[in-house]
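Undergrad: Attaching a single structure in structure tokens format; questions to follow.
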Amino acid sequence: MLAIFLLVGCAGTYDILPPSAVQPASSNARERTVYVVSNGLPTTLILLRGDIAARQIPEIVDFPDAWYLEFSWGDAEYFPADKETLANVLRAAFLPTAAVLHVVPMGNTPINHYSSAEIGRISHSEAGFSRLTHFLGAGFERGSA
């Protein structure tokens, strides 16, 4: 929900889309599209890789073949766990722990990747999209390497 609040603050429009309506992001130089996917937990943001400035998220160079990049956040113990157990769900829900930023390359459109999920589309101005990618880039913990 926090992600949706942050996105709407920078956004011009927000739609909940039926699966047939989700198309690749616009090539309009003045507008950028962000997809918000809810398929349970966590909520995921999906951005067209070509819209992301490498100066704001240098890690995009690690995904040269991706069409889209998916960003989500979660509990540092729960999120990467091999199995979802009641114990790790309760720990993530009730004990404050560190969080991780999860980035996944996608070689497909959001609707093809998440065919049964609820998908929203937010259209951003270039300035709003730049603020969003700056926010995402600031979420990375980068060492000297």
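Taken together, the values in this text are just the output of simple stated rules run on the coordinates, not laboratory data. Since the model is a prediction, treat every value here as computed from it, not as a measurement. Cβ: placed from backbone, ideal geometry, glycine included. Neighbour counts: every protein chain shown.
Each row is one residue, and each column tells you yes or no for (1) closer than 15 Å to P42 by Cα; (2) part of a helix (DSSP H, G or I).
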site	(1), (2)
P96	no, no
H102	yes, no
I111	no, yes
S115	no, no
S123	no, no
F129	no, yes
T133	no, yes
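Undergrad: Restrict the check to the range 81-98 and report whether at least one residue is closer than 21 Å to V34 by Cβ, among the basic types (K, R) and either out of contact with any helix residue (DSSP H, G or I) (no Cβ under 6 Å at 6 or more places or on another chain) or surrounded by 15 or more Cβ atoms within 10 Å (Cβ to Cβ) (or both). Don't jump to the end; show me each part of the working.
TA: Taking the range 81-98 and keeping what is closer than 21 Å to V34 by Cβ, we get none.
No, that holds for no residue.
Undergrad: I would also like to ask the following. When you scan the range 60-80, how many residues do you find that are surrounded by 16 or more Cβ atoms within 10 Å (Cβ to Cβ), in contact with a strand residue (DSSP E or B) (Cβ under 7 Å, 6 or more places away or on another chain) and not polar (S, T, N, Q)?
TA: 12
Undergrad: Filter the range 49-94 for residues that are assigned to a loop (DSSP other than H, G, I, E, B), among the charged types (D, E, K, R) and touching a residue at least 12 places away in the same chain (Cβ under 8 Å); which is nearest to S125 (Cα to Cα)?
TA: Residues of the range 49-94 that are assigned to a loop (DSSP other than H, G, I, E, B), as a first pass: 52-57, 63-67, 76-85.
Next cut, among the charged types (D, E, K, R) only: 55, 65, 77, 82-84.
Filter once more, keeping what is touching a residue at least 12 places away in the same chain (Cβ under 8 Å): 65, 77.
Numbers: D65: 26, E77: 36 Å.
Going through the qualifying residues, I end up with D65.
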